[in-house]
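Here's the structure, in structure tokens; my notes come after.
The values are calculated or read from the model by the stated rules, or taken from the named source; none is laboratory data. Because the structure is predicted, anything quoted here is derived from the model rather than measured. Using ideal geometry, Cβ is built from the backbone for each residue, glycine included, and neighbour counts are taken over all protein chains shown.
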Amino acid sequence: MPYIRGVDGKLHKYEEYEEEVKPYLKAQMYDEWRSQKKGKGMIDELTIIIPTWNSMPEFEKCLDSFKHAFPEDIVKDIIVIDKNSTDGTIETAEKYGCKILYDDTTLGSARLKGLREAKTDWIAFIDSDIELPEGWFSKMLNLLEKAPYSYRIGWIYGRTIDDREPLKSEKLYKLQIEFKNRTYRFLKEGDRAYTNNTLCLRKPLLNAKIEHLNAWEDWVLTQEMLKAGYAVVEVPVTCTHLRSHTYSKFGVMTEAWGIAGELKAKGINPYTLLRPFWFLYWGTRCTFHFKDLTHFKFNTQIFFSMIKAIINQSKAFEWRR
């Protein structure tokens with residue numbers, strides 16, 4: 001049963017929400033929703049925000065996919081926030097007419113800089129190694145407008161499917177499991193939404209404290225959106241994650257960075273410390289499902305890289321008795 005936070009600061013079941021907070025919340029948000037509908041749907045225009053750091057060659061595939069993913073008159077700006085790339089990323093951004101900003105501190109700081117530079121109510125966070133399918137925006141907008149309580153959704157995002165094995169098969173398998181009997185997954189407080197192929201309202205995120213984060217800044221942004229009283233929802237719209245390029249550069253260290261960022265964002269907690277063991281379970285399950293030991297070997301590599309990252313990050317926390 002999904003819960004949502006009302007302006008009274010309390011969590012409400014969806015069934016109770018209409019009656020308990022409708023008088024002062026629904027009317028306000030419904031008016032905002034109606035004001036945004038100008039014949040094109042809830043989103044009249046948006047700004048695309050892309051952090052980059054030596055993101056070639058996948059970055060060009062990302063930008064090239066926009067011409068089929070978005071209607072021509074929807075995108076106001078493409079803002080690229082770059083970390084002093086030296087591999088042609090800047091030249092590619094210029095080629096596609098992007099507005100280029102620079103930030104050499106953290107990923108969180110880059111996202112904030114993009115949010116504050118944008119002028120539209122809605123923005124799209126797209127990662128530089130994401131290739132969007134044809135009609136991506138229309139699919140997302142259609143699901144947004146048809147969703148339960150669509151007038152109060154502030155964040156909607158899809159799934160990524162890797163372009164390399166074994167992750168491609170595993171992601172498709174996981175998608176089939178989690179969206180077998182539903183179209184929408186409403187997140188609750190503490191859940192993490194992603195910012196790799198995402199549409200969201202800009203203003204609720206402007207004051208998020210993410211300048212110190214190089215990973216899991218999306219978790220903090222998720223909590224900000226939920227605290228502002230908006231719903232965050234995941235839908236089974238897929239795009240291609242160009243991991244073949246990312247893994248050729250960094251390997252499974254990308255997962256290690258992720259859990260190090262989680263510890264920094266959430267602090268040391270039992271859930272994070274136990275999360276690497278989920279990959280052992282998942283690798284075992286996929287091995288039996290696909291009858292291929294490659295899945296267990298790959299997830300075991302992720303497990304050990306995450307354990308190593310936890311140990312290193314724990315030292316940085318300077319544990320005190």
Which is crowded, with 16+ Cβ neighbours inside 10 Å and either touching a Ser or Thr at 6+ places or on another chain (Cβ under 6 Å) or of a type outside the set (A, V, I, L, M, F, W, C) (or both), of Gly114, Gly135?
-> Gly114
Does Ser109 satisfy being polar (S, T, N, Q), surrounded by fewer than 19 Cβ atoms within 10 Å (Cβ to Cβ), more than 17 Å from Met56 (Cα to Cα) and out of contact with any strand residue (DSSP E or B) (no Cβ under 7 Å at 6 or more places or on another chain)?
-> no
Any residue in the range 70-93 that's in the same structural domain as Phe125 (by TED's automatic domain parsing) and over 16 Å from Glu117 (Cβ atoms): show its pairings with residues that are part of a helix (DSSP H, G or I) and hydroxyl-bearing (Ser, Thr, Tyr) at Cβ separation under 9 Å, as long as the two are six or more apart or on different chains.
-> Phe70/Ser138; Pro71/Ser138
Looking at this structure, is Leu172 modelled with pLDDT of 95 or more and either within 21 Å of Thr272 (Cβ to Cβ) or buried (at least 17 other Cβ atoms within 10 Å of the Cβ) (or both)?
-> no
Scan the range 186-210 and report the pairs whose first residue is of a type in the set (Lys, Arg) and whose second residue is part of a loop (DSSP other than H, G, I, E, B), with Cβ atoms within less than 8 Å and a gap of 6+ or a chain change.
-> Lys188/Pro2; Arg192/Trp216; Arg202/Ala118; Arg202/Thr120; Arg202/Asp121; Lys203/Asp121
Assess whether Asn197 counts as being buried (at least 22 other Cβ atoms within 10 Å of the Cβ) and not hydroxyl-bearing (Ser, Thr, Tyr).
-> yes
Which residues, taken from the range 54-78, are surrounded by fewer than 23 Cβ atoms within 10 Å (Cβ to Cβ) and touching a Ser or Thr at 6+ places or on another chain (Cβ under 6 Å)?
-> Asn54, Met56, Glu60, Lys76, Asp77
Within the range 86-100, how many residues turn out to be part of a helix (DSSP H, G or I) and more than 22 Å from the chain's Cα centre (by Cα)?
-> 5
Kindly provide the set of residues from the range 164-185 that are assigned to a helix (DSSP H, G or I), in contact with a Lys or Arg (Cβ under 8 Å, 6 or more places away or on another chain) and within 18 Å of Val235 (Cα to Cα), ordered by number.
-> Lys171, Leu175, Glu178
Can you tell me which of Arg275, Arg320 is at pLDDT below 90 and not acidic (Asp, Glu)?
-> Arg320
Scan of the range 122-137 for residues that are of a type outside the set (Ser, Thr, Tyr), more than 16 Å from Leu221 (Cβ to Cβ) and assigned to a loop (DSSP other than H, G, I, E, B), ordered by number = Asp129, Leu132, Pro133, Glu134, Gly135
